[in-house]
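What follows is calculated from the coordinates using simple rules that are stated; it is not laboratory data. In this text the structure is predicted, and so the values were computed from the model without any measurement. All Cβ positions, glycine included, derive from the backbone under ideal geometry; neighbour counts span all protein chains shown.
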Amino acid sequence: MTIEKIEDFYSFIKDNTDKKTNYVFRGVKSVDYKLVPGVGRFNTNNSKEFTTADEKKMLLLFKQKAYPYLDKNVNNLEVLAISQHHGLPTRLLDWTWNPLVALYFAVRDEWEKDETEKDSIVYVWKKNIKGQLEPTFDPFEINDVNLFLPQHVSKRIIAQSGIFTIHPKPTEEFTNSGISKVIIKPTIRR
């Protein structure tokens, strides 16, 4: 669906989501951006492939530097979520329960001069939520994309009604038949 005024977005949400089904939303500033986690988009300067070992090393360095600021009971998944919110490229994708938060992220940034005519997008994923991943779950040993609802270890996660998907193959685009797209025209971005 394409929206050309904000009321279209409200109508879409009202008409296409129901209270009996779980939906999560992700807003991005360009229709060119695919559902690929940050670590999958991470590019090294020497064209070397970024490996899982590199990702683990980066996370370990983050944990070492952040240790004084972390609750001592924080598990690896929660550290991954915290590091994601502090700009570390991870195998997580940010989603939200709140469609307005997703809309905000789709339109918030200033656009580059050559991108002023590009559409923004809100992904809407109709998903059955099944339980919580165990705290001891190893984020690097998964076979399928999973939803992860962190314990609220960050004020930003709380404010954004945050939830994540965790990806076994973070370099591959995530596709799912339950995902629909809401296209936001540049003329209404502001």
### Query
Which ³J(HN,Hα) values in Hz, rounded to whole numbers, follow from the phi angles of the range 163-174 under the Karplus curve 6.51 cos²θ - 1.76 cosθ + 1.60, where θ = phi - 60° and Gly and Pro get x?
8, 10, 9, 10, 10, x, 10, x, 8, 9, 5, 7
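Which of the peptides 27-36, 139-148 is most tightly packed, and how do the rest follow, judged by the mean count of other Cβ atoms within 10 Å per residue?
On the way: 27-36: 16.5, 139-148: 14.9.
Listed from highest to lowest mean packing, they are 27-36, 139-148.
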#### Entry: In order through the range 31-40: 3J(HN,Hα) via Karplus (6.51 cos²θ - 1.76 cosθ + 1.60), integer Hz, x for Gly, Pro
5, 6, 7, 9, 7, 10, x, x, 5, x
### Query
If the cut-off is a Cα-Cα distance under 20 Å, which lysines reach K14, setting aside same-chain residues fewer than 8 apart in sequence?
K5, K126, K127, K181, K185
### Message
Under 5 Å between amide hydrogens, which residues at least 5 positions from N146 or on another chain qualify, with H placed 1.01 Å from N in the peptide plane?
### Response
I166
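Could you list the trypsin sites (Lys or Arg not before Pro) in the range 46-85 that lie in coil according to DSSP, counting only those with at most 16 other Cβ atoms within 10 Å of their Cβ? Spell out each step's value before the answer.
Numbers: sites: K48, K56, K57, K63, K65, K72; in loops: K48, K72.
Those that pass, being in a loop and sparsely packed, are K48, K72.
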#### Entry: Cα lying deepest toward the dipole's positive end in the range 1-40, options G40, F12, Y23, charges on Cβ
G40
### Message
Could you tell me which residue out of P68, P89, V101 lies farthest along the dipole of the range 55-124 toward its positive end? Charges go on the beta carbon: Lys and Arg +1, Asp and Glu -1, centred on the Cα centre.
### Response
P68
### Query
Could you list log10 I(q)/I(0) for the range 61-110 at q = 0.16, 0.24, 0.26 Å⁻¹, which the Debye formula gives when each Cα is one point scatterer?
-0.58, -0.92, -0.99
### Distance in nm between pseudo-label sites at R189 and L61 (7 Å out along the Cβ direction from Cα)
3.2 nm
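Using unit Cβ charges (K, R positive; D, E negative) and no other charged atoms, how large, in debye to the nearest 20, is the dipole of the range 43-105 about its Cα centre? Provide the component values of the computation, followed by the final result.
Working: 7 positive and 6 negative charges, 45 e Å.
So the dipole magnitude of the range 43-105 works out to roughly 220 debye.
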### Query
What is the magnitude of the charge dipole of the range 1-95 about its Cα centre, with +1 placed on the Cβ of each Lys and Arg, -1 on the Cβ of each Asp and Glu, and no other charges, expressed in debye to the nearest 20?
380 debye
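In the range 49-128, which GluC sites (Glu not before Pro) fall in coil by DSSP and have 13 or fewer other Cβ atoms within 10 Å?
Values: sites: E49, E55, E78, E110, E112, E115, E117; in loops: E49, E110, E112, E117.
Here the GluC sites (Glu not before Pro) that fit, given the DSSP loop and packing criteria, are E49, E110, E112, E117.
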